[in-house]
Amino acid sequence: MKIPADLKHKPVIVSEDYDKIDGRRVDSDAKGLSLGLAQWNERGIVDISAKVWRYTGEKWSRQSEELPLHRVLDLAILIVKAKKVFKERYHQNEKDYPNYPTLDRIGLQGGAMNISVCEDNQFIGGDMDLFEAALAKDDEIISERLNVLGGLLNELKAG
């Protein structure tokens, strides 16, 4: 199912059809994950938000939810992949990605998390620039958490 690009949250990096790999909740109402421009942005202040897109069967829901641990990890995977894509952005362009706008396909649960640029966002070029600037602005706090996570994962692996 396509994530809507015309609501207040503006998706930039998306994983659609998430319901097919949503942990034990295969075919859940969580239809996608996205990283994009936050709906609470004000002129001159841009934040990035992560969103789990839920569909009630009739409309897209604004319902808040607690995130199961696997979704938090799936979002972490999406964040790391987005950081990697934007880090490499100056060294590559769209033609360097053979399956553009698909950025990656990460195997999970016998399926895959497909990660791509949201082509349905009519302002994707500008929104990617804004996303990249906000990502750079928050690089210290994001990288700090990723370093902590990496260290904890190494500890878990070693233990």
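Overview of values
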read-out	value
The stretch 24-51: number of residues that are part of a strand (DSSP E or B) and in contact (Cβ under 8 Å) with a residue 24 or more places away in the chain	12
Cross-chain or 6+ apart pairs with Cβ under 7 Å, the stretch 5-19 first and under 12 Å from Ser116 (Cα atoms), then part of a helix (DSSP H, G or I)	Val12/Asp127; Val12/Met128; Val12/Phe131; Ile13/Leu78; Ile13/Ala82; Ser15/Leu78
Residue match in the stretch 78-87 (condition: modelled with pLDDT under 85, within 26 Å of Asp129 (Cα to Cα), basic (Lys, Arg) and loosely packed, with under 13 Cβ neighbours inside 10 Å)	no
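The values are calculated or read from the model by the stated rules, or taken from the named source; none is laboratory data. Small disclaimer: the values here were computed from a predicted structure and weren't measured. For neighbour counting, all protein chains shown are included, and Cβ atoms are generated from backbone atoms with ideal geometry for every residue, glycine included.
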